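A.B. asks: Below are the structure tokens for one structure; questions will follow.
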Amino acid sequence: MMEGGLLFGNPWLHGLIMGVIVLSGAMGVAAYAVWFERKFAARMQNRPGPTEVGYGGLLQPIADLLKLLQKEHLIPRSADRPLFNLAPVLVVIAPLATLAVIPFGPGLVGTDPSIGLLFALAISSLMVIPVWMAGWASNNKYALLGAMRAAAQAISYEIPLLLAAMVPIVLTGSFRVGDIVAAQEGGRWFAFWPPGPGFFAFLLFFFASLAESNRIPFDIPEAESELVAGVTTEYSGMIFGLIYLAEYLHTFIASALAALLFLGGWQGPGPDGIHWMLLKSLLVFAVIFWIRWSWLRYRSDQLMAMCWKIFLPLGLVLVMASAIWVQLR
Amino acid sequence: MSLLSLAQALRVSFQNLTRPKNTEPLPWKGSRERAERYRASFALVHDEHGEEACIGCMLCEKICPSQIISVTQGPKAPSAATGKPRGWCTDFTLDLNACIICELCVQVCPADAIIMMRVQEKPGFAREDLLLTMEKLYANEKLAKLTWATPTKLQEMQDPKPKRPEPVAAAPAKDAAPIKDAAPAAGASSAKDAAPGAESAPAAGTTPSKDAEPAKEVPPVKETPPASDAAPAAGTEKPSDA
Amino acid sequence: MTVGTTYETPRAGERKGEVRTVNVGGMRVPYHLTLLERPDPYLDIDSYDPEADLMALNMGPQHPSTHGVLRVKLYLDGETCIKAVPYLGYLHRGVEKLCEKLTYVQITPIVDKNDYVSPMMNELAINMAFEALLKVEVPPRALFIRTVCAEIQRVASHLLWLGTFGLDVGGGIGGGATLFMHTFREREMCLDLFENLTGCRFHYNTHQVGGNRHDIPEGWDQKVKRALGHIASRVDEYEAFVENPIFKARTIGVGVIDPILAMELGVCGPILRASGIDFDLRRDAPYAAYDKVEINVPVETAGDAYARYLVRVREMRESIRIALTLLDGVPEGPISALKPVKGPTNVKPKPGEAYVSIESPRGELGTYVISDGSPNPYRCKLRPPSLHAAALLPYLAPGSMVSDIVATLGSLDFILGEVDR
Amino acid sequence: MLEWIAFVILGLSLLLAGRMVVVSRDLVHSVLWLAVALVSTAGLFITLNAEFLAAVQILLYTGGVITLMLFGIMLTRRLATARVEHGSSGRVRGGVLALATFALVTVAVRQASRSGHLIQTGTLGDTKALGSLVLRDLMLPFEALSVLLLAAMIGAIVLARKVDP
């Protein structure tokens, strides 16, 4: 197994330290993403948003966490107990495992294997199983409908997502995330450089990851006006908080991947480094929230139709186009 | 084209980022000014002699649609100030739990005794907290701003053929003129720098002689909030802020 | 799966203005009609497919988008609804019986709570009935104030509908919530106007038998003009926010009501007008001060949720125009024809009966009162438009998905307080 | 040493999951145990330096096939609520069959490795080598397989499609 940049000589030490850095960083990002989203949405709606805890509600995520921890963990009597308890844990594991291969800067990565991108996408596609488990084990009809929608949506949108990710892979000729970022050296970001396919692939990746991470306009599995709360209907307390956290982590990973694959990763004008990476991924993150609080929701069959009739052919065309580009260059 | 209309939605939500906030954190910092007719809670007031204005006639008890007022009528006794006999109320309770704020009790009061307040009653932890006893009602008189609507003013406003003399200031030949005249007067009283003299003049002019007394006693009541903006009026809102 | 009767519906593609209408019992019905077979909503569930896996889903009474406490029992095949049965009565408060116990003076604040989205209309309807019973002529100033208030209330009600409809199709955590907050921002302006006028933001008790209880305060008309002008400009913003492919995909062709079905079930108001029937009590049977002003009635022919949205938004603009026009012509004079109320038994009509109906934001709101000469009405029947809208649900739900049922529910805009009374 | 430990753990979990797939009385549990088995297999691939294969295994089998199976279970309610009955009678025969299969595979692999037909370690992780193997050397069988799958797919659609009324 080839290792990416090893900051700390010993792979064990490297793994441990990077794990602590990346995981705590990601958790913090996810927690403050909630705060940011609440503030952002509130300002869009002419509200102040959280103001009470800390300056401008800055301690609100911590207060929420403490509240969730204090709440009782209710299990419905007819629920499938082991699955019900296991599902939220597994839901969090998938995005956390994905973080291991996502570089946040040169060398700032758990491990950068030759199939890093494929690994990340494969693991995040696993998330649907625990989500399904949660919906199934709740033994609630709304949760079941939500699980059904989640499963259908996830398996459909995995394909356009992979096809969109194939474009930078074809252009670079490598699955390694580090190589893909290196290929965008000198501002030739894949979102803009091969003028046609790159940009559309970026859009495709963006919208497919919106669907993968269940964000509006594709938040059908948890459509609360129809399914109360989708799979999380029966969850309470911190175990609900875990699913919630996983969702935000998933969104953050999707935006980080978009930044890495299409926006040049940690490269930018001026010194390269984690600041560019964070800036870009948070920008994509903000756009996701902006869309989330501005658009309405599609119906599930329309979503499927869009996936199979628009996104999938578009993805295939894009992969072909980028392959032709590579050949002609 | 259709994608442009999706961008329109994004534009609308983005341009709202710059608009002023439309809501306030719940413990009001007192910045919201309620309309002067705003009605929320109740107060019983004293008349101009400093006596309790309620004569215990039980009209409000009879008209209340949700039957939450109970009045105990006391024996007639001479008033200490004027010496004339008048009715007294020995007990008065109003259950705010079931009140629908319809203002009918105010409208029928012949003595201008029950007047609504512009401030919401503080939420309580027990049902008794929202049960307004006679003491609470009389205490409310001094606590916060009262609404513009006294029984006299309401009835004047609704009277199809007012018999009272035409006020000098108001436009003649208009039946509704006195009503319109009363509104700015009350408006001025809620403003902080209203002089008591300017306040009582139109009120005295518009009211017939019988109603002059209760109309006159309103201004001092309404003057309390501006005069003591810091102490008692703030005292009512302080606990809700905390 | 179809009933023996055939029904007729306007041809697809007909636009507003091109529809020729005939007068059927006071209603204008589209002339061009084609045949349609309608499925039986109360289809026996066993006749569907005994082998099929039907899931019975109780939507409500506690559900985010049943608009209060409606309970709809859905029989689902996958996510497609086979049968929907609405259960009413979770908000029944016995208002009609209460009206028999209370006197004419006391009823107004009680019926305020029926249609809790447009209380002004309830007061107007019931007091107009009492006035018809008493044969009282309401002074013109009161009529104008009532009409202006009614139109502002219509704007407020439609704003609330637009916001909650956004919640239904767009999600409470999403664009729908943004639309909801925006419409509520403008609705607050309407409520502020009422607060200035009556002292209450919602359950006003401002109408009474013979007139109004509150006269226009100084400067109110200026405030109304400012606020309504502001709202008119914001309506454009809602359209920019909402009219995009997502919203159209969710509403076009959803919950289609053909005009014959609408008339059979006694549906009225924007739903009826969205189905192509040009019927508006404000214009066709003017009451209050509506005969003093020209009223343009927006009509759509599609009969789906999108048409209902279009009708309501246009109605909002129209209401703003009507309110502003009437506001300029408010005459001077008394606001009540009767002496001020001094006691609960002041109003005592002679024995008789009266039916009065007005155009509430949801349609024809009727009140039927019988008096036996006592201070209490002998019988007081309310004819709420929402009840008839709720009756549409079994016809619209079969064959649509759960998401569409939610959108249909939202677009019908019934108020459970009024349905159950 | 480390790889040995990983191999043992993954192998044991694979065995346990495989047994639970068969033994579990709840169909949903069976499918979920199958997911565990597939993920363990992917782990085994990683210990053999076949990372690409592992990723594909997770992506296709765990992400795709398992989800489809769960989906199928959920859509047929009678299947979901049914309890699977296991008789003890089949245990001996099953065990014998399993042992026989194991022996067969062992023999086959041993012979293959002796004759040098096995792909060399490290080639599996190399996508370029894998690609050239599939699309150049084994072109015909690969395409034949694709056509077979396509035919199966079309057949499934034809079978499952309702006749239009």
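The values are calculated or read from the model by the stated rules, or taken from the named source; none is laboratory data. None of these values were measured; they are calculated from a predicted model. Backbone-built Cβ (ideal geometry, glycine too); neighbour counts: all protein chains shown. The area values use the complete protein model at the heavy-atom level, side chains included, leaving out ligands, DNA and RNA. Shrake-Rupley method; radii C 1.70, N 1.55, O 1.52, S 1.80 Å.
A.B. asks: Given axes a ≥ b ≥ c from the Cα gyration tensor, I'd like to know whether segment C:166-294 is rounded (a/c under 1.5), prolate (a/b larger than b/c) or oblate.
C.D. replies: It comes out oblate by the Cα gyration axes.
A.B. asks: Between B and C, buried accessible area summed over both sides at probe 1.4 Å, in Å² to the nearest 100?
C.D. replies: 3900
A.B. asks: Quick one: net charge around C:I257, please, counting Lys, Arg +1 and Asp, Glu -1 for every other residue with C-beta under 10 Å from its C-beta.
C.D. replies: -1
A.B. asks: Next up: Give the carbon-plus-sulfur fraction of the accessible surface of segment A:2-328 in %, rounded to a whole number; probe 1.4 Å, heavy atoms of protein chains only.
C.D. replies: The computed percentage sits at 73.
A.B. asks: Next question, about the same structure. Residue separation times 0.36 nm, minus the C-alpha to C-alpha distance between D:S146 and D:V65: what's the value?
C.D. replies: 27.4 nm
A.B. asks: Using 0.36 nm per residue, how much length does the chain from D:W4 to D:A156 gain when fully extended, once their Cα-Cα distance is taken away?
C.D. replies: 50.4 nm
A.B. asks: Same structure again: Under the rule of at least 5 residues apart or a separate chain, name every residue whose amide H is placed under 5 Å from the amide H of B:N22.
C.D. replies: A:R47
A.B. asks: Whose amide H sits under 5 Å from the amide H of B:C89, counting only residues 5 or more places off or on another chain, with H placed in the peptide plane?
C.D. replies: Sorted by chain and number, the residues that satisfy this are B:G56, B:G74.
A.B. asks: If you don't mind, there's one more thing I want to ask. Which value does Rg/Rh take for chain A over its C-alpha atoms, Rh per Kirkwood?
C.D. replies: That ratio equals 0.97.
A.B. asks: Where does helix C:305-328 land angle-wise versus the long Cα axis of chain C, in degrees 0 to 90, nearest 10?
C.D. replies: So the helix axis and the longest Cα principal axis differ by about 10 degrees.
A.B. asks: Also, I was wondering about something else. If you plug each phi of segment C:414-421 into the Karplus form 6.51 cos²θ - 1.76 cosθ + 1.60 with θ = phi - 60°, what whole-Hz ³J(HN,Hα) values come out, in order, with x for Gly and Pro?
C.D. replies: In residue order, the calculated couplings are 9, 10, 5, x, 7, 4, 8, 6 Hz.
A.B. asks: Residue by residue through segment B:141-155, which ³J(HN,Hα) values in whole Hz follow from phi under the Karplus form 6.51 cos²θ - 1.76 cosθ + 1.60 (θ = phi - 60°), with glycine and proline marked x?
C.D. replies: Here the 3J(HN,Hα) series is 4, 8, 6, 8, 5, 8, 6, 5, 7, 9, x, 4, 5, 4, 6 Hz.
A.B. asks: Here is a follow-up. So, R0 is 56 Å and r is the distance between the beta-carbons of B:Q67 and A:R81; what FRET efficiency does that work out to, to 0.05?
C.D. replies: The computed FRET efficiency comes out at 0.60.
A.B. asks: State, to one decimal in nm², a quarter of the convex hull surface area for the C-alpha atoms of chain C, i.e. the direction-averaged projected area.
C.D. replies: Quarter of the Cα hull surface area: 20.5 nm².
A.B. asks: Using all C-alpha to C-alpha distances in segment C:122-207, build P(r) with 10 Å bins and read off the rounded percent in each one.
C.D. replies: Using 10 Å bins, I get a P(r) of 17, 37, 26, 14, 5, 0 for segment C:122-207.
A.B. asks: Once you put a point 7 Å from the Cα of C:Y378 and another 7 Å from the Cα of B:E135, both along the Cβ direction, what distance in nm separates them?
C.D. replies: The two pseudo-label positions are separated by 5.1 nm.
A.B. asks: Compare each residue of segment C:66-83 in its chain alone against the assembly with all protein chains, and report those whose accessible area goes down by 10 Å² or more; 1.4 Å probe, heavy atoms.
C.D. replies: Those residues are C:G78, C:E79.
A.B. asks: For B:T93 paired with C:E264, estimate the spin-label separation in nm (one decimal), with each label point 7 Å from Cα along the Cα-to-Cβ line.
C.D. replies: 5.7
A.B. asks: Go through D:S146, A:S225 and list them by solvent-accessible area, largest first, probe radius 1.4 Å.
C.D. replies: The ordering from most to least exposed comes out as D:S146, A:S225.
A.B. asks: Sorting check: for B:77-83, C:392-398, which peptide has the highest mean count of neighbouring beta carbons within 10 Å, and how do the rest follow?
C.D. replies: In descending order of packing, they fall as C:392-398, B:77-83.
A.B. asks: About the Cα centre of chain C, how large is the charge dipole given +1 on each Lys and Arg Cβ and -1 on each Asp and Glu Cβ? Please answer in debye to the nearest 20.
C.D. replies: 1380
A.B. asks: Please list D:R93, A:R299 from largest to smallest accessible area, probe radius 1.4 Å, with all protein chains kept in place.
C.D. replies: From most accessible down to least: D:R93, A:R299.
A.B. asks: Still on this structure: Give me a comma-separated list of calculated 3J(HN,Hα) values for segment A:138-150, in order, Karplus coefficients 6.51, -1.76, 1.60 applied at θ = phi - 60°, integers in Hz, x for any Gly or Pro.
C.D. replies: Residue by residue, segment A:138-150 yields 5, 6, 10, 5, 5, 5, 5, 4, x, 5, 4, 5, 4 Hz.
A.B. asks: Okay, moving on. Any idea what angle helix A:128-137 forms with the longest principal axis of chain A, computed on alpha-carbon atoms, 0 to 90 degrees, nearest 10?
C.D. replies: 10
A.B. asks: Shape call for segment B:35-158 from the C-alpha gyration tensor, a ≥ b ≥ c root eigenvalues: rounded (a/c under 1.5), prolate (a/b greater than b/c) or oblate?
C.D. replies: Verdict is prolate for segment B:35-158.
A.B. asks: If you don't mind, there's one more thing I want to ask. Toward the positive end of the charge dipole of segment B:1-119, about the Cα centre and with charges on Cβ (Lys, Arg +1; Asp, Glu -1), which of B:A7, B:P65, B:S41 goes farthest?
C.D. replies: Of the candidates, B:A7 comes out farthest on the positive side.
A.B. asks: Each label point is 7 Å from the Cα along the Cα-to-Cβ direction; what then is the distance between the points at D:V92 and A:L66, in nm?
C.D. replies: A separation of 6.7 nm, rounded to one decimal place.
A.B. asks: Mind running the shape call on segment A:204-329? Use the C-alpha gyration tensor, a ≥ b ≥ c as the square roots of the eigenvalues: rounded below 1.5 for a/c, prolate if a/b tops b/c, oblate otherwise.
C.D. replies: oblate
A.B. asks: Additional query: Within 10 Å of each Cβ in B:96-103, how many Cβ atoms from other chains are there, averaged over the peptide?
C.D. replies: That average works out to 4.
A.B. asks: Does anyone have the angle between helix C:175-198 and the longest principal axis of chain C? Alpha-carbon axes, 0 to 90°, nearest 10?
C.D. replies: Roughly 20 degrees, rounded to the nearest 10.
A.B. asks: For chain C, just give the cysteines left without a disulfide-compatible partner, judged by no other Cys Cβ under 4.7 Å.
C.D. replies: C:C81, C:C149, C:C190, C:C200, C:C268
A.B. asks: While we're on this one: Evaluate the Kirkwood expression for the hydrodynamic radius of segment A:16-104, namely the inverse of the mean inverse distance over all pairs of different C-alpha atoms, and round to one decimal in Å.
C.D. replies: Kirkwood radius, segment A:16-104: 15.7 Å.
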